[in-house]
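Structure, as structure tokens:
The values are calculated or read from the model by the stated rules, or taken from the named source; none is laboratory data. This structure is a prediction, so every number in the text was calculated from the model and none was measured. A quick note on method: Cβ atoms are made from the backbone with ideal geometry, for glycine too, and the neighbour counts reach across all protein chains shown.
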């Protein structure tokens, strides 16, 4: 979806909410506790919108209805992993879910100046030219940029520009989860073609030896890795919605 990320999200809010929830309970019992943990937010409307984004991406997208909270891989992971481990996974999920994030990231290279600063004005202008001069587009651009800064993917140079941080180095286990989210929520397919990999979606992650280690390490467990003269594929055994079964 393009529109919808109309408020910035902090990884700590996602982490604390997922750690708080109990399987089988009704989502609405966490509305007031969320307002407490998201203490930086002001105004009931702002808190409601951020809560909606978090529930939609990290709880509701893994289940068929919203009556009760069902098990999902991210709820399971936060029980044994800290927020630093989960941060790049959460960011990847938001990027897979929102076109506004997917469309902004490739523009970073286009609008980077000699000081490696990226003009917020130019990015906003380009997004408006593509999607229309609507307040919701401008607000979503600002929210996406602010979200990236909260997730330590970028930092604010000043009020008019940002600087991209060094891509995050993540371990093979994190890559496993990110790749399964990519298959399940972006590709909607059990097959990942590594030769046509959408590099833009992983702009904030270092595709280093850990990536290739993950591809090999989880072969036969979470996916089948097929590589020959014409194929470089992962056949994912269970998509992200069933990652806990892996």
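Of note:
- The set of residues from the range 25-41 being assigned to a helix (DSSP H, G or I) and surrounded by 15 or more Cβ atoms within 10 Å (Cβ to Cβ) comprises 27, 30, 34, 35, 37.
- In the range 144-165, the residue that is nearest to residue 204 (Cα to Cα) out of those that are touching a helix residue (DSSP H, G or I) at 6+ places or on another chain (Cβ under 8 Å) and assigned to a helix (DSSP H, G or I) is 148.
- Looking only at the range 151-163, and only at residues there that are under 18 Å from residue 9 (Cα atoms) and buried (at least 17 other Cβ atoms within 10 Å of the Cβ), the one that is nearest to the chain's Cα centre (by Cα): 151
- Subset of the range 4-24 (residues that are part of a loop (DSSP other than H, G, I, E, B) and in contact (Cβ under 8 Å) with a residue 60 or more places away in the chain): 4, 5, 6, 7, 8, 9, 10
- Residue within the range 85-94 that is in contact (Cβ under 8 Å) with a residue 24 or more places away in the chain and surrounded by fewer than 16 Cβ atoms within 10 Å (Cβ to Cβ) present: no
- Residue-level check: of (1) at pLDDT 95 or above; (2) over 28 Å from residue 131 (Cα atoms); (3) surrounded by fewer than 21 Cβ atoms within 10 Å (Cβ to Cβ); (4) touching a helix residue (DSSP H, G or I) at 6+ places or on another chain (Cβ under 9 Å), residue 14 misses just (3).
- Summed over the range 213-246, residues that are more than 20 Å from the chain's Cα centre (by Cα), in a helix (DSSP H, G or I) and modelled with pLDDT under 95 total 1.
- Residue match in the range 46-54 (condition: surrounded by fewer than 15 Cβ atoms within 10 Å (Cβ to Cβ), touching a helix residue (DSSP H, G or I) at 6+ places or on another chain (Cβ under 7 Å), modelled with pLDDT of 90 or more and not assigned by TED's automatic domain parsing to the domain that holds residue 203): no
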